[in-house]
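Note sheet for the following structure.
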Amino acid sequence: MESILKSIKKKKTPIGKIVVISNKSNAKGVKIAKKLGVNTEILESKGFKGNRTEYDKEIIGILEKHGVTPRNGLVCLAGFMRILSVKFVKKYKNRIINIHPSLLPAFPGLNSQKQALLYGVKYSGCTVHFVDTGMDTGPIIIQAVVKVKKNDTEKSLSTIILKEEHRIYSEAVDLFARKKIKILGRKAIIS
């Protein structure tokens, strides 16, 4: 999130209003956003007792209050470790992006770096993709490849991949804001 916010400012990415929403008041990202002068909102998820639809309805209300609508907004998931409801994903169709620490479609879900090492892949990386109703199955926007070394651990591989995540997520946001991405079927085409 910090990399995205700093990149937007540096590149003068044509983004309207920005709001950072967290389900934890003590999240590091909230402190960073405030320091950077970005609006923040906290919506604790504990009070919703597993009701994703109701929680997401509240999130939609916050987004719309800040001018992030299904017609003109972009929702970036960065450290937001909750599965979105189908209703939310459909409402913001092709306007939600996420980063994943593997070269999708390989190793979706959790523990991607560990899976990559267990399978003995020679290359891994990260993927920025649109969010759809599946688990890490939306159209791929950008990927970055890293070489897996023989002595890599889950921690060392995660560190290498994270550097690329910061770079390509910011790049994807900039491409989206400049209307350089078109979706054709399952593919995201960059112009």
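A short reminder: the numbers here are calculations on the coordinates, not readings from a lab. Bear in mind that the values here come from a model prediction, so they are computed numbers and not experimental data. Here Cβ is always computed from backbone atoms with ideal geometry, including for glycine, and neighbour counts include all displayed protein chains.
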Extreme residue, positive dipole direction of region 2-190, given options Ala188, Ile60, Asn72 (C-beta unit charges):
Asn72
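From the helices alone, meaning DSSP H stretches of at least four residues, give me the mean residue ellipticity at 222 nm for the chain, per-run term -39500 (n - 2.57), in deg cm²/dmol to the nearest 500. Working shown, then result.
Working: 6 runs with 70 residues, N = 191.
Taken over the chain, the calculation gives -11500 deg cm²/dmol.
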For region 122-154 and region 15-53, what is the separation of their Cα centres, given in Å?
25
Based on Cα coordinates alone, diagonalise the gyration tensor for the chain, multiply each eigenvalue by 5, take square roots, and list the semi-axes in whole Å, largest first.
26, 19, 18
Please list, ordered by chain and number, the residues whose modelled amide H lies under 5 Å from the amide H of Tyr92; skip anything fewer than 5 residues away on the same chain.
none
Specify the longest stretch of the chain that does not include any exposed loop site, a site being one of the trypsin sites (Lys or Arg not before Pro) with a non-H, G, I, E, B DSSP assignment and at most 11 other Cβ atoms within 10 Å.
72-121
Describe numerically, in nm with one decimal, the distance between label points set 7 Å from Cα along Cα→Cβ at Lys182 and at Lys147.
3.7
Longest principal axis of the chain (C-alpha) makes with the long axis of helix 2-11 (C-alpha) an angle, in degrees to the nearest 10, of 80
